[in-house]
Amino acid sequence: MTTATVRTPLAERLAADLGTDFGPFFGTPCGILAPLYRTLEEQADLLTVAREDNAVGVAAGAALAGRAPVVLMQNSGLAQSVNALASLVVPYAIPMLLVVSLRGVDPDPTPENTVMGRLTEPLLDGLGIESTTLSDPVDLDRARHLVHVERRAAALLVPPTAFGWRA
Amino acid sequence: MARMNKTEAVAAVLAATTTEPIVCTTGYACRIARHLDDRPSHFYMTGSMGLASSIGIGIARETGRTTVVVDGDGSLLMNPVGLVTAGALPALPLAHIVLDDGRYASTGGQAVPSRRADLGAWALACGYARADETDDAAQFADLVRAAVARCTAPVLVVARLTAADPPVPGRVEGDLAEHARRFGRHLARNG
């Protein structure tokens with residue numbers, strides 16, 4: 001059985017905005033990101049990779065080839081990707097946008113996600129990857145500047161309810 | 001039959017390539033490749049053990065050009081998802097070379113727990129078009145040359161290393177961001 005994924009206007013606007021000057025897209029699915037994931041699968045070049053740090057690695061290859069890739073992941077996958085970010089993306093200054101969902105943050109009460117929810121922003125800070133939180137209307141100016149102008153990684157954090165996720 | 005060491009295997013990869021991008025895994029593979037010939041087509045992955053093939057996949061998929069990955073047995077085992085990812089892309093021009101010495105060479109030569117694992121069978125089961133394995137230097141050189149010359153799908157070539165290496169060259173030094181930019185410029189010129 002699979003869960004049907006709805007489209008949401010915010011996810012569609014974010015996908016359209018990202019599609020103007022980011023890509024290709026890589027990701028490992030996440031329930032919070034599902035509406036965005038579905039829209040990107042339909043409208044863009046989105047490759048699902050089985051594990052988030054591999055998605056970061058494949059994105060690094062695309063970035064080295066001159067692109068501005070995006071990696072979609074749950075924050076549990078950010079934890080999985082710490083070494084890829086710390087020893088590859090940051091020291092080699094490889095540009096990419098990480099779209100990271102915030103499991104374990106209000107109103108997600110699941111105890112298996114709470115610790116990573118608490119760690120997500122400090123972890124990115126410690127990695128030296130600047131993050132912004134998704135807003136409505138969508139504002140990607142800072143992420144764009146970091147990825148396209150400064151040619152480094154940036155993160156866009158997606159709170160649980162942004163696309164209608166429910167606990 | 002001539003047995004080979006890691007240096008000879010890397011030299012065979014360099015002899016089979018000209019401007020093709022080569023992603024070298026962490027540890028001695030990077031150091032040996034850089035020592036033999038520090039080409040701008042080389043990407044020395046000094047950390048992120050396990051991700052050399054993933055980086056190669058991203059390059060091959062983006063450029064459509066034959067991309068060579070010089071992996072190790074320990075690094076392949078650290079993250080076999082690269083095999084799954086490449087195998088799912090049947091037209092990906094990826095020549096995935098594995099230097100299999102059965103050892104974690106750069107950490108003290110501890111045994112890699114893969115004695116009963118068949119890496120070539122893994123690759124085929126993941127969707128690679130071909131997987132070859134040899135411990136003979138001349139045959140390895142032929143396999144790599146063929147893999148690079150006609151690369152239209154992910155292929156695996158495993159070199160079983162049974163001969164002793166000369167002293168290992170020094171670490172990859174310098175600004176890694178500048179190294180990435182040099183490699184990026186090479187891809188832009190040869191894309």
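Every number here is computed from the coordinates shown, using simple stated rules; none is lab data. Because the structure is a prediction, the values reported are computed rather than measured. Backbone-built Cβ (ideal geometry, glycine too); neighbour counts: all protein chains shown.
Remarks
- Full extension of the chain between residue A:167 and residue A:149 gives 2.7 nm of extra length, using 0.36 nm per residue less the Cα-Cα distance.
- The residue B:152 and residue A:43 beta-carbon pair, evaluated with R₀ = 25 Å, returns a calculated FRET efficiency of approximately 0.30.
- Residues A:149, B:98, A:115, sorted so that the one with the fewest Cβ neighbours within 10 Å comes first: A:149, A:115, B:98
- Added length on full extension, which subtracts the Cα-Cα distance from 0.36 nm per residue, residue B:15 to residue B:136: 42.0 nm
- Between the C-alpha center of region B:103-126 and that of region B:17-39 there is a gap of 21 Å.
- Euclidean distance of C-alpha centroids, region B:133-191 and region A:7-59, integer Å: 32 Å
- Equivalent ellipsoid, region A:109-167 (semi-axes from 5 times Cα gyration tensor eigenvalues, Å): 24, 17, 6
- Model label zone, residue A:115; criterion: amide N under 13 Å from point 7 Å along Cα-to-beta-carbon; scope region A:25-42: none
- Semi-axis lengths, largest first, of the ellipsoid equivalent to region A:9-158 are 20, 18, 15 Å, with √(5λ) applied to each eigenvalue of the Cα gyration tensor.
- GNM flexibility winner over chain B from B:40, B:167, B:154 (Cα, springs under 10 Å): B:167
- At 0.890 mPa s and 25 °C, Stokes D of chain B from Kirkwood alpha-carbon radius, µm² per second: 152 µm²/s
- Taking amide H positions as modeled 1.01 Å from N, with prolines and chain starts lacking one, the residues under 5 Å from residue B:72 and 5 or more places away or on another chain are B:99.
- Computed over chain B with a Gaussian network model linking Cα atoms closer than 10 Å, the most mobile of B:136, B:175, B:101 is B:175.
- Extension gain, residue B:185 back to residue B:91 (0.36 nm per residue minus Cα-Cα distance, nm): 31.3 nm
- Global geometry of region B:74-169, whether rounded, prolate or oblate, following the gyration tensor of its Cα atoms and the 1.5 cut on a/c: oblate
- Candidates B:15, B:177, B:86: whichever shows maximal mean-square fluctuation once chain B is modelled as a Gaussian network with Cα springs under 10 Å: B:177
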